[in-house]
Amino acid sequence: MNRYHLVHTTQFRYDGPVSESYNEVRLRPIHDDRQSCLSFRLNTSPSSLGTAYRDAYGNWVHQFNILREHRQLMIEAESVVLVHEAPAPFENPTKLEQFDARCDEFFEEYYDFMAATGYVPHPPQLQEIVEAAAEASGGTVAGFARAASDLIHQRFRYVKGATHVHSSIMDSLAHGAGVCQDFAHLLLGVVRMRGLPGRYVSGYLVPPGAAGASAKQEEVIGGHASHAWVEIFAAEDGWLAFDPTLGNPVGLRHVRVAYGRDYGDVAPVRGVYKGLAGQRLSVDVRVRPALDEEGHEQLAKAASNPADTPSFTDLPHQPQQQQQ
């Protein structure tokens, strides 16, 4: 089953009244030749009217404001997504030397995905992984990316809480551990230091049980489905996807939401509000097959109009005007 019904609910609860809440969200799944967003709907409570636009990387961004006083904010994004089978790999994958011969051309076109960023610096500690991946690459771009992803999966431990949402790869290198965001940033650092464009992908990983035909109503609760991985540009081969956290190929269980240079470009929710109240955040992600036992659509009254939309995130507080 590769047609999924996703419900992503974010709840902010404040210690006191707040007002003038301005929010920007990126949670509408990508619609292209590899994935179809069949329907999408965004609800907020208190209710609001929003606007939408595409950012520089093609992601849908939805903005909404709640000006009156409120003590809680609920944002619910609901979508149905069909993930398509990946095309067969090229019989003659692009060689690293072929890619290097066009390096100037690619650097000009994909500069944003090759340059260092705050989350993804180019520290000398990564050079050893760059060299090891090159040795195991078989001389191809795809081989290098696959080897780099495998090396990061093998050498770094997945430890929830080892880093925080604003951590760069320097924190992961210091601890030898991280979460999916960190694993994606590490792989980006390695491929970019080799001169290959790489982009951060935010989305969902559908758990195995929810992807099976026997799990019609199985749900995953508590945000566990949120995930991040990487796509690397390989010239004629196109963008190739790798998941260093799982160490497995990206497939029908990966649902893409947004692309960026790093996590900072794709944060699901950014917002500020006016007031001195603190906040508590809860996130609930539910994933299940989109068709019921009789083959009927489970998302009722869904709108495919991209001018509606979703969200989530927790950012540091500021006095008077605070971020969510």
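The values are calculated or read from the model by the stated rules, or taken from the named source; none is laboratory data. The model shown is predicted, which means the values in this text are computed figures rather than measured ones. Positions of Cβ are generated from backbone atoms using ideal geometry, with glycine treated the same way; all protein chains shown enter the neighbour counts.
Within the range 226-283, work out how many residues are surrounded by fewer than 22 Cβ atoms within 10 Å (Cβ to Cβ), under 19 Å from PRO208 (Cβ atoms) and touching a Ser or Thr at 6+ places or on another chain (Cβ under 9 Å).
2
Hey, among GLY295, GLY275, which residue is over 17 Å from SER36 (Cβ atoms), of a type in the set (Gly, Ala, Ser) and at pLDDT 90 or above?
GLY275
When the residues of the range 51-79 are narrowed to those that are of a type in the set (Gly, Ala, Ser) and surrounded by fewer than 17 Cβ atoms within 10 Å (Cβ to Cβ), which ends up nearest to the chain's Cα centre (by Cα)?
Filtering the range 51-79 for residues that are of a type in the set (Gly, Ala, Ser) and surrounded by fewer than 17 Cβ atoms within 10 Å (Cβ to Cβ), the one nearest to the chain's Cα centre (by Cα) comes out as GLY58.
Starting from the range 93-110, keep only residues that are closer than 17 Å to MET193 by Cα, then list their pairs with residues that are modelled with pLDDT under 95 and among the hydrophobic types (A, V, I, L, M, F, W, C) whose Cβ atoms are within a distance under 6 Å, requiring at least 6 positions of separation or different chains.
So the pair list comes out as PHE99/ALA235.
Considering only residues that are in contact (Cβ under 8 Å) with a residue 60 or more places away in the chain and surrounded by fewer than 19 Cβ atoms within 10 Å (Cβ to Cβ), which ones fall in the range 40-50?
GLY50
Only residues in the range 139-162 that are on the phi < 0 side of the Ramachandran plot count as the first member; pair them with residues that are assigned to a helix (DSSP H, G or I) and among the aromatic types (Phe, Trp, Tyr), Cβ under 8 angstrom, at least 6 apart or cross-chain, and list the lot.
Matching pairs, first to second residue: VAL141/PHE99; ILE152/PHE183; HIS153/PHE183; PHE156/PHE183; TYR158/PHE183.
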